[in-house]
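The values are calculated or read from the model by the stated rules, or taken from the named source; none is laboratory data. As the structure is a computational prediction, the values presented were derived from the model and not from experiment. Cβ: placed from backbone, ideal geometry, glycine included. Neighbour counts: every protein chain shown.
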Amino acid sequence: MNVLREEGVSLELIDVEDRLRDIDEDKVSALALSMAERGQLQPIELREKAGGRYRLNIGAHRYAAAQKLGWFAIKAVVVECSDEEARLREIDENLFRHELSPFDQANFIEERRQIWERLNGQIKRGGDRRSKGQIVPLIEGMMKATRSSFLKDTAQKFGLPTKTIQRALTRKATINPKVWEVLRHTEAANNGSLLDKIRKLHLDEQFEVAAMIKDRGCTVQYAIRAVVAPSDVDAEAQAFAALCRAWERAGETTRAKFLKQFGAKK
């Protein structure tokens, strides 16, 4: 990447395209307040386009805050880089901040994996192809001896635990893309345990959950409970087992009272 110059750029000349992460309006409001009081402390990053226009690379929330304030121009660093370098910089900027939701984290890490593989060679894959019709990739594979694995590279660069990276990749890989998009604006986007519940469902169950959320407007948790068939458990057997456990915990006095209550002999 080459830094060409730093300058003020008219907001009207900046195009915001194909962002991995939605704008957080609360964050924009907070940034706008800060920028109104203290000015813009950090420039955004742009790439030149044809016709004198620019494409936003880094700083979508700062750009939106400047719009909210009614600014004419914004401080920017204009850089020259490839599409893949630009995408990687957008991803890395967000991962460095450690403020992503489980949903966004999975999107960013998976996109980074794809770019990393193209630049460094394919990661070997494996997986349990029998598990609920899913293909769960084994993310960490053998790489060329002179290269570090994607997991190690990403963990070291961002200070993320390897398990966190693996979990994010697994969530992205095992939830159908159409279902995934439905979850974008639900409570599951901010709740990793809900994402994990959905990824463990059969594919047809995932689609049913997504349909209930989209068509009926119900919560993710309600949809999961409604779709997943209850286990075939004998209610009488459950009650008997509960009584046995209570009896084992009870002392002699409690047991005697129980027997007297029901007219049984000790």
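Of all residues in the stretch 204-218, which are surrounded by 14 or more Cβ atoms within 10 Å (Cβ to Cβ) and assigned to a helix (DSSP H, G or I)? Walk me through it before giving the result.
Filtering the stretch 204-218 down to residues surrounded by 14 or more Cβ atoms within 10 Å (Cβ to Cβ) leaves 205-214, 218.
Residues satisfying the conditions are Glu205, Gln206, Phe207, Glu208, Val209, Ala210, Ala211, Met212, Ile213, Lys214.
Just give me the residues in the stretch 96-109 being assigned to a helix (DSSP H, G or I) and either acidic (Asp, Glu) or at pLDDT 90 or above (or both), in sequence order. So that I can check it myself, show each step before the final result.
Quick first cut of the stretch 96-109, residues assigned to a helix (DSSP H, G or I) only: 96-97, 102-109.
Within the stretch 96-109, Pro102, Phe103, Asp104, Gln105, Ala106, Asn107, Phe108, Ile109 qualify.
Kindly provide the set of residues from the stretch 2-48 that are loosely packed, with under 14 Cβ neighbours inside 10 Å and touching a Cys at 6+ places or on another chain (Cβ under 8 Å), ordered by number.
The one that is loosely packed, with under 14 Cβ neighbours inside 10 Å and touching a Cys at 6+ places or on another chain (Cβ under 8 Å): Asn2.
Please determine whether any residue of the stretch 193-203 is among the hydroxyl-bearing types (Ser, Thr, Tyr), crowded, with 19+ Cβ neighbours inside 10 Å and either assigned to a helix (DSSP H, G or I) or in contact with a Gly (Cβ under 6 Å, 6 or more places away or on another chain) (or both). Spell out how you get there, then give the answer.
Taking the stretch 193-203 and keeping what is among the hydroxyl-bearing types (Ser, Thr, Tyr), we get 193.
Remaining after also requiring crowded, with 19+ Cβ neighbours inside 10 Å: none.
Taking every residue of the stretch 193-203 in turn, none turns out to be among the hydroxyl-bearing types (Ser, Thr, Tyr), crowded, with 19+ Cβ neighbours inside 10 Å and either assigned to a helix (DSSP H, G or I) or in contact with a Gly (Cβ under 6 Å, 6 or more places away or on another chain) (or both).
Step by step: first the residues of the stretch 61-102, then only those that are assigned by TED's automatic domain parsing to the domain that holds Asp15 and of a type in the set (Phe, Trp, Tyr), then the one that is surrounded by the most Cβ atoms within 10 Å (Cβ to Cβ). Which residue is that?
Only one residue tops the list, namely Tyr63.
Somewhere in the stretch 224-241, is a residue in contact with an Asp or Glu (Cβ under 6 Å, 6 or more places away or on another chain) and modelled with pLDDT of 75 or more? Break it down stepwise before answering.
Restricting attention to the stretch 224-241, the residues satisfying the condition of being in contact with an Asp or Glu (Cβ under 6 Å, 6 or more places away or on another chain) are 227.
Next, only the ones that are modelled with pLDDT of 75 or more stay: 227.
Yes, the stretch 224-241 contains a residue that is in contact with an Asp or Glu (Cβ under 6 Å, 6 or more places away or on another chain) and modelled with pLDDT of 75 or more.
Is it the case, given these coordinates, that Ile58 is crowded, with 17+ Cβ neighbours inside 10 Å, in contact with a helix residue (DSSP H, G or I) (Cβ under 8 Å, 6 or more places away or on another chain), within 25 Å of Ala189 (Cα to Cα) and not assigned by TED's automatic domain parsing to the domain that holds Ile109? Before the answer, list the steps.
Details: crowded, with 17+ Cβ neighbours inside 10 Å: yes; in contact with a helix residue (DSSP H, G or I) (Cβ under 8 Å, 6 or more places away or on another chain): yes; within 25 Å of Ala189 (Cα to Cα): yes; not assigned by TED's automatic domain parsing to the domain that holds Ile109: yes.
It is true that Ile58 is crowded, with 17+ Cβ neighbours inside 10 Å, in contact with a helix residue (DSSP H, G or I) (Cβ under 8 Å, 6 or more places away or on another chain), within 25 Å of Ala189 (Cα to Cα) and not assigned by TED's automatic domain parsing to the domain that holds Ile109.
Inside the stretch 28-59, can you point out the residues that are over 16 Å from Gly8 (Cα atoms) and among the small types (Gly, Ala, Ser)?
Result: Ser29, Ala30, Ala32, Ser34, Ala36, Ala50, Gly51.
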